[in-house]
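Here's the structure we're looking at; comments come further down.
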Amino acid sequence: MAMEIDPRTGTAVLFPGIGPSSFPDAAKFLLIDAPARELLAHADDVLGYSLLDAYRTSEEEYGDAARVAFLVTCLALAGWAEKEYGIRPEICAGASFGGTPAAVRAGALSFPDAVRLTAQWGRCIREYFEREHRDVVTQSVARTSPEKIRAVLAELAEKGEWAEVACRVDDDFFMVSVRERNVEGLQHRLRAEGSLPLYVMRPPMHSPAFAPLRERVESDVFGGVAFTDPAIPVVSDHDGTVLTTGDGIRTLLLDATVRQVHWPEVVATLRRLGVGKAVVAGQDALWGRVGCVTGNFEVVPVKPTTALRPRRRAAVA
């Protein structure tokens with residue numbers, strides 16, 4: 001029997017959505033790695049203050065400093081991986097907030113603009129959800145199915161309650177936005193179906209209900225920010241479309257407010273384009289670890305601890 005050879009030899013760099021991060025690991029990497037220190041210094045210049053000092057003292061898990069630090073860390077790790085492993089990705093993608101470092105790595109958005117955009121965007125999100133949709137949270141659910149999720153949402157709709165899928169992370173992993181008063185009942189219903197409710201997050205994102213936030217971000221944050229055609233394509237985390245223009249990537253980032261994330265569509269597009277290796281650059285406990293990614297690619301996870309790990313040196317003759 002002839003051996004089957006996988007023809008997918010391409011490499012993609014993937015940036016995870018923002019999640020809880022280890023400050024000590026990120027800070028140590030950003031201070032020890034020389035290119036990372038340069039990015040950190042550029043970020044400090046743009047912000048007008050020490051990013052690491054603000055990140056260390058912030059009490060907000062997803063505050064402005066945490067968001068910018070995540071951006072800087074993702075980009076620094078991608079650069080480290082390319083140098084250390086000799087990797088040259090042909091395409092990239094980002095999940096949710098990961099779209100911003102993807103836009104920078106692709107060459108569509110400058111690093112200083114990305115830092116400014118990230119900080120200002122975070123403030124817009126905070127101010128918006130302090131006034132609007134204050135009772136909406138996002139429940140993550142594992143070990144489920146599209147059919148189970150549709151059934152649960154239909155039951156809520158019959159009761160006159162609003163709920164939507166915010167993210168489809170894998171074939172059996174979803175994030176559902178719901179009013180906080182319905183969380184306990186939703187969790188009970190999901191468990192009865194054999195699903196596994198996990199963590200609850202706020203603020204929510206990825207819903208048409210937040211269209212006013214998108215409008216404000218476009219006018220107050222994106223105005224004057226230049227997007228150029230990328231050097232490498234970016235795959236939309238909303239529907240798997242391959243984006244090759246600055247306007248397309250600008251729209252992608254803005255639409256993160258109002259469009260659902262569909263990570264399996266990203267995977268399908270990357271497979272179709274011949275990607276066999278996925279470098280996941282960032283502190284990630286989810287997006288690079290779900291089955292649709294690990295089952296389709298050789299995954300190279302690159303975290304601060306990866307870059308800080310002692311590496312063997314070739315013996316000198």
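A few points about this structure:
- Rel. contact order, % - alpha carbon contacts under 8 angstrom, at least six apart, segment 186-305: 21
- Charge-dipole axis of segment 207-316 as Lys and Arg at +1 and Asp and Glu at -1 on Cβ define it, positive-most pick from V293, L254, P233: V293
- Top of R168, R143, R214 by mean-square fluctuation, Gaussian network on the chain, Cα under 10 Å: R143
- Evaluated at q = 0.07 Å⁻¹: base-10 log I(q)/I(0), Debye formula over Cα of the chain: -0.28
- Fewest-first sequence of L213, L254, L198 by Cβ atoms within 10 Å of each Cβ: L198, L254, L213
- 222 nm mean residue ellipticity, helices alone, for the chain (DSSP H n ≥ 4; -39,500 (n - 2.57); rounded to 500): -14000 deg cm²/dmol
- Cα-based values for segment 27-108, radius of gyration first and Dmax second, are 13.0, 38 Å.
- Equivalent ellipsoid dimensions for segment 136-201 as semi-axes, Å, which come from the Cα gyration tensor, largest first: 16, 12, 11
- Largest GNM mean-square fluctuation across A154, A114, A95, computed for the chain with C-alpha springs under 10 Å, falls on A154.
- Each Lys or Arg adds one and each Asp or Glu subtracts one; over the other residues with Cβ under 11 Å from the Cβ of L47, this totals -3.
- Taking amide H positions as modeled 1.01 Å from N, with prolines and chain starts lacking one, the residues under 5 Å from G10 and 5 or more places away or on another chain are V275, G276, K277.
- Exposure proxy ranking, count of Cβ atoms within 10 Å, fewest first, for Y199, Y128: Y199, Y128
- Computed from phi, the 3J(HN,Hα) profile of segment 162-179 under the Karplus parametrisation 6.51, -1.76, 1.60 (θ = phi - 60°) reads 7, 6, 8, 6, 8, 9, 10, 7, 7, 5, 10, 9, 10, 10, 10, 8, 8, 6 Hz, with x in place of Gly and Pro.
- Footprinting exposure proxy for F15, F29, F23 (fewest neighbouring C-beta atoms within 10 Å first): F23, F29, F15
Read-outs: derived from the displayed coordinates by stated rules, not from any lab. Here the structure is a predicted model, which is why all the values come from computation and not from measurement. Every residue, glycine among them, receives a Cβ derived from its backbone with ideal geometry; neighbour counts consider all protein chains shown.
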